[in-house]
1. If His243 satisfies every condition in (1) in contact (Cβ under 8 Å) with a residue 40 or more places away in the chain; (2) assigned to a helix (DSSP H, G or I) but one, which is the exception?
2. Could you go through the range 11-22 and let me know if any residue there is closer than 21 Å to Ser132 by Cα and modelled with pLDDT under 95.
3. Could you give me the residue pairs with C-beta distances under 7 Å whose first residue belongs to the range 34-45 and is outside any helix (DSSP H, G or I), whose second residue is among the β-branched types (Val, Ile, Thr) and surrounded by fewer than 18 Cβ atoms within 10 Å (Cβ to Cβ) wherever it lies, and which are 6+ apart or on separate chains?
4. Answer yes if at least one residue in the range 39-54 is of a type outside the set (A, V, I, L, M), loosely packed, with under 15 Cβ neighbours inside 10 Å, in contact with a Lys or Arg (Cβ under 7 Å, 6 or more places away or on another chain) and modelled with pLDDT of 95 or more, and no otherwise.
5. State the number of residues belonging to the range 191-245 that are surrounded by fewer than 21 Cβ atoms within 10 Å (Cβ to Cβ) and among the acidic types (Asp, Glu).
6. Got a sec? Which of Gly63, Gly21 is surrounded by fewer than 24 Cβ atoms within 10 Å (Cβ to Cβ), free of Cβ contacts under 8 Å to residues at least 60 places away in the same chain, in contact with a Leu (Cβ under 7 Å, 6 or more places away or on another chain) and within 21 Å of Asp126 (Cβ to Cβ)?
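The values are calculated or read from the model by the stated rules, or taken from the named source; none is laboratory data. Note that this is a predicted model, so its numbers are computed, not measured. Don't worry about glycine lacking a Cβ; one is built from the backbone with ideal geometry, like all the others, and counts go over all protein chains shown.
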Amino acid sequence: MSNTHDYRSQGELTQEIEEMGLESPEVIQTSLAAAMTLGLKGGTFYRDAKLTCLNLLLTYKEGCQGRCGYCGLEQKRSEKTKGTTFIRVAWPTYSFDLILERTKQYQSSLKRICLSMITHKRAFEDSLNLVSRLHREVNLPISILCAPTLIHKTEDLQKLKEAGADQLGVSIDTATAEIFQKYRGKGVRGPHRWDHYWEILRKGVAVFGQGQVSVHLIVGLGESEQEMVRTFQQVHDLGAVVHLFSFYPEPGSALSEKAAPSLGQYRRMQLARYLIMNDLAKATTMRFNSSEQVYDFGMDVEPFVASGQPFRTSGCPGKDGETACNRPYGNERPGTTLANYPFIPNMRDVEQIRGELYVGLMEGVEQL
């Protein structure tokens, strides 16, 4: 995506908001793509992609109290880059009233709203109020990406559903407890706990229902492909759905120098996720080499590769059942190589994907 507006104007607005001491729920952050879709920013989307989910993010003067080493909201992020991006793109700040007004105006082009908490003492109550207001005033389904560290009772999840959210998101992010501990828990002196996140996931499925809870997982934080595939299966067996992201090094964060995963690794994880989530294969039927890379998916995958569907952005659906949260270019810069396709890949895209799928396999390809 390209933006034709000067970022300084938004910087001046953000500074004014900060000087006035405004924070959520009076103001809210939204992605650059959403700001463009709502007519608040100029610009065009590469290949005429369309954003169909309005992503909103709570914001406070103290920032997020999580200390996740890979996150754009990380407190230890350098002052020069702090707050400039989150999951790669800029997230400008606007008054919530303005966002609500524009959402009503442009809701025919949207399929869903997703409100994201951050780890802050006021975030839960503010989320309840904002979800309730959105539910009353806008005719769109609402997802709530919760901050599990703030949630301790099943009743808290019931309150979010009663306020109007029909989908719950839990950002576990890492495929293993060890990586979680390293980048989200004691390793960064953070407040998050692996077991608690999974507990909230199980409670969330009980409250929101099978298939109504999603788990964010990030490929490329140090896990093996086999570890990630096993986590896909575990999430699926609990009745939840995986939404997949490719690690992107946020400038100024603790992992700013860490490389993104190879495209081959990400393609294999996209395909494995798709097969498991759609009950087409299981982790136990896939075969892994000595480097714990998947080299055999246990079935003929060509029809699914040819469809391009496994490589589209995975996100919460709209009322039509199709993915609404398609996050155009949230994982990569627009260009010839896309990690997540925000549209159906065309024949040329599929041919490129085929060439990428087994790149980087250390061994085992000959057994396909």
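1. Status for His243: all satisfied but (2).
2. Among the residues of the range 11-22, at least one is closer than 21 Å to Ser132 by Cα and modelled with pLDDT under 95, which makes the answer yes.
3. That search, which allows pairs on different chains as well, returns Gly42/Thr4; Gly43/Thr4.
4. yes
5. 4
6. Gly63
Yes/no matrix, rows are residues, columns are (1) over 25 Å from Asn326 (Cβ atoms); (2) in contact with a helix residue (DSSP H, G or I) (Cβ under 6 Å, 6 or more places away or on another chain):
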site	(1), (2)
Gly211	no, no
Val215	no, yes
Leu263	no, yes
Met269	no, yes
Ser290	yes, no
Pro303	no, no
